[in-house]
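Data block below; observations after.
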Amino acid sequence: MNIKSCEKKEKSEAEIIVEVAADELESAIGKAYIKNKNKIAVPGFRKGKAPRRMIEKLYGESIFQSDALEILIPSVLKTVTDESGLRIVGLPQVTDVVFKDNNEGLDITMTSSVYPDVTLGEYKGLSAYKPAVEVDDSEIDLEVESMRQRNARIEKADRPAAIGDIAVIDFEGFLDGEPFENGKGENHELELGAGRFIPGFEDNVVGMASGDEREIDLTFPENYADHLAGKAVVFKVRLNEVKEKILPELDDEFAKDVSEFDTLEEYRADIKEKFRKEKQDNSDIDFENALMEKVVDSIEADIPEAIIEEQVEVAMNNFGNQLAARGIDPNTYLQMMNIPPEDFRKSMRAMGERQANIMLALEKIAELEGIEVSDEELEKEYEAGAARYEMELDQIKEKVDVETISKDIKLRLAAKIVMDSAIALDSPEEPAAAEEDKPAKSAKKAKAGASDKAGVSDAAEPTDSADTTDSADPAPKPKPRKPAAKKTGQKKDPE
């Protein structure tokens, strides 16, 4: 078979006609005959014994053509991919099939989305705000104090409950005099002041002593579950026990207990360095994002829907992988967040569009800069991936093809060209008046996929925790906000 014609259409679509030779069609029809002969009844023959020509004479020459076409399609697709000279997106679609007389071959017409022609503006010497990196002593103090809290001893206290104590309580909630669902708990340990229960609950427990019972009148917030939102309720509470936290002394012994350092000064210095590195990474990401927005703003390309949908799928998979890594089932998460799957997909579209634009822009930069990937670079990338996923080198080579790895490296090197030539500004730029009406796509930040390591993706992270409230709250959780995806790379992890 061969490409008979190949014509680009509007909106990055192409029409390809593949000519299948007579001998290729004959071979496919022969296979279709073998596949179906046992199902066809022919007078005078047992099933499966009738010659092909007899069946075709009885039922028509076209009887095996449909199955023959199905047999030929994989080879046709390979011919289109290998010989059309086009960068195909997704799978081409068959739009017309013309069988020649006497099965002397056929013409198959297919349409396919293709990678668009890309025109790019300036991408070197761009400027963008790069946040300064500073770590305040107060941030270190908070981290040290958090570690003290986690290492506190818990002891029984023979006094009324106070903020910071752990109150062991029995409770039951009533709405219009009737108990409501999920409103009861026994011997529940409630840290007073942590804000785990609805507003006002913990404040009313403060001052109670062991054995005290109290009725607490409260009103649920408006953003709670529908049947309780804004409702006035009564909680009957009994305080069984008061526990207090005994914090460790803030000295060198504390540092030895909670870290690998011998002194508190060394421990604080390590925290400062970790915070500095994290802030530096975030600053670099913000800087790169701002530069990529400028690069994307200058791109001219008729991007087909197939490329955008491809990137939406990547974003959704990365989001799901990130949740799964935290032990959260993605479908359960969406149900808990009250987000229909179709709405979630729509929310990922802006990210898919952005990633498609970034990918095409960086590919164009790689082309203009003549970036090539050496065998040594490919091998290093595979070795890094094998170490990262704790896999044998041969295993990761089987899972991630050379073309994918090479593309990843090229995109990363193209992004580096943009970054290395850029100018970092000390203060944010004033937005141009014309930019105020730009679509909101620039408001969503996602780390440029080209900066990810091959085979690794920065999965989208939910901005709202899947479960930030106490598991034994005396009421269902508040209605959560919809998540905003961020820092999503464009490459899939090897599976």
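If you take just the helices (runs of 4 or more DSSP H) that sit entirely in the stretch 235-340, which of them hold at least 1 residues that are surrounded by fewer than 16 Cβ atoms within 10 Å (Cβ to Cβ) and acidic (D, E)? Walk me through it before giving the result.
Details: elements: 252-258, 264-297, 305-325, 330-336.
In the stretch 235-340, the matching helices (runs of 4 or more DSSP H) lie at 252-258, 264-297, 305-325.
Any idea how many residues of the stretch 32-87 are free of Cβ contacts under 8 Å to residues at least 40 places away in the same chain, surrounded by 14 or more Cβ atoms within 10 Å (Cβ to Cβ) and under 14 Å from M110 (Cβ atoms)?
Of the residues in that region, 3 qualify.
Take V80 and tell me if it is more than 31 Å from the chain's Cα centre (by Cα), assigned to a helix (DSSP H, G or I) and modelled with pLDDT of 95 or more.
Values: more than 31 Å from the chain's Cα centre (by Cα): yes; assigned to a helix (DSSP H, G or I): yes; modelled with pLDDT of 95 or more: no.
Answer is no for this residue.
Can you name every residue in the stretch 370-395 that is in a loop (DSSP other than H, G, I, E, B) and either under 27 Å from A306 (Cβ atoms) or within 27 Å of the chain's Cα centre (by Cα) (or both)? Spell out how you get there, then give the answer.
Step one: filter the stretch 370-395 for residues in a loop (DSSP other than H, G, I, E, B), giving 370-374, 390-392.
I371, V373, E390, M391, E392, listed by residue number.
Quick check: is even one residue across the stretch 172-183 out of contact with any helix residue (DSSP H, G or I) (no Cβ under 8 Å at 6 or more places or on another chain) and closer than 30 Å to D136 by Cα? Walk me through how you get there before you give the answer.
From the stretch 172-183, those out of contact with any helix residue (DSSP H, G or I) (no Cβ under 8 Å at 6 or more places or on another chain) are 172-183; that's our starting set.
Filter once more, so that each one left must be closer than 30 Å to D136 by Cα: none.
No, the stretch 172-183 contains no residue that is out of contact with any helix residue (DSSP H, G or I) (no Cβ under 8 Å at 6 or more places or on another chain) and closer than 30 Å to D136 by Cα.
Assess whether D137 counts as being at pLDDT 95 or above and surrounded by fewer than 14 Cβ atoms within 10 Å (Cβ to Cβ).
Numbers: at pLDDT 95 or above: yes; surrounded by fewer than 14 Cβ atoms within 10 Å (Cβ to Cβ): yes.
Yes, satisfied.
Surrounded by fewer than 18 Cβ atoms within 10 Å (Cβ to Cβ), touching a residue at least 60 places away in the same chain (Cβ under 8 Å) and not assigned by TED's automatic domain parsing to the domain that holds L91: is that true of M351 in this structure?
On the way: surrounded by fewer than 18 Cβ atoms within 10 Å (Cβ to Cβ): no; touching a residue at least 60 places away in the same chain (Cβ under 8 Å): yes; not assigned by TED's automatic domain parsing to the domain that holds L91: yes.
No.
Looking only at residues in the stretch 32-56 that are in a loop (DSSP other than H, G, I, E, B) and basic (K, R), which one is nearest to the chain's Cα centre (by Cα)?
Taking the stretch 32-56 first, the residues in a loop (DSSP other than H, G, I, E, B) are 40-41, 43-44, 46-51.
In the following step, the residues that additionally are basic (K, R) were identified as 46-47, 49.
Numbers: R46: 57, K47: 54, K49: 56 Å.
Looking at the filtered set, the residue picked out is K47.
Picking from D375, D408, D343, which residue would you name as being surrounded by 18 or more Cβ atoms within 10 Å (Cβ to Cβ), at pLDDT 90 or above and in the same structural domain as A306 (by TED's automatic domain parsing)?
Details: D375 fails: surrounded by 18 or more Cβ atoms within 10 Å (Cβ to Cβ); D343 fails: surrounded by 18 or more Cβ atoms within 10 Å (Cβ to Cβ).
Only one candidate qualifies: D408.
Any idea how many residues of the stretch 6-31 are assigned to a strand (DSSP E or B) and under 16 Å from I108 (Cβ atoms)? Can you show your working first?
Of all residues in the stretch 6-31, those assigned to a strand (DSSP E or B) come to 6-8, 13-20.
Still in the list and also under 16 Å from I108 (Cβ atoms): 6-7, 14-20.
Number satisfying all stated conditions: 9.
Taking the stretch 92-124, which residues are loosely packed, with under 14 Cβ neighbours inside 10 Å and assigned to a strand (DSSP E or B)?
Q93, T95, D96, V98, T119
Can you find, within the stretch 125-149, the residue that is nearest to D286 (Cα to Cα) among those that are under 33 Å from the mean Cα position of the chain (by Cα) and part of a helix (DSSP H, G or I)?
Residue satisfying both the conditions and the ranking: E139.
Just to verify a result, which residue in the stretch 1-31, among those that are among the basic types (K, R) and farther than 16 Å from V80 by Cβ, is farthest from the chain's Cα centre (by Cα)?
Here the residue is K31.
Identify, from the list G195, G173, G211, the residue that is over 37 Å from the mean Cα position of the chain (by Cα), part of a loop (DSSP other than H, G, I, E, B) and not assigned by TED's automatic domain parsing to the domain that holds M336.
Values: G195 fails: over 37 Å from the mean Cα position of the chain (by Cα); G173 fails: part of a loop (DSSP other than H, G, I, E, B).
Exactly one of G195, G173, G211 is over 37 Å from the mean Cα position of the chain (by Cα), part of a loop (DSSP other than H, G, I, E, B) and not assigned by TED's automatic domain parsing to the domain that holds M336, namely G211.
The values are calculated or read from the model by the stated rules, or taken from the named source; none is laboratory data. These numbers come from a predicted model, not from an experiment. As a convention, Cβ positions derive from the backbone with ideal geometry for all residues, glycine included, and neighbour counts pool all protein chains shown.
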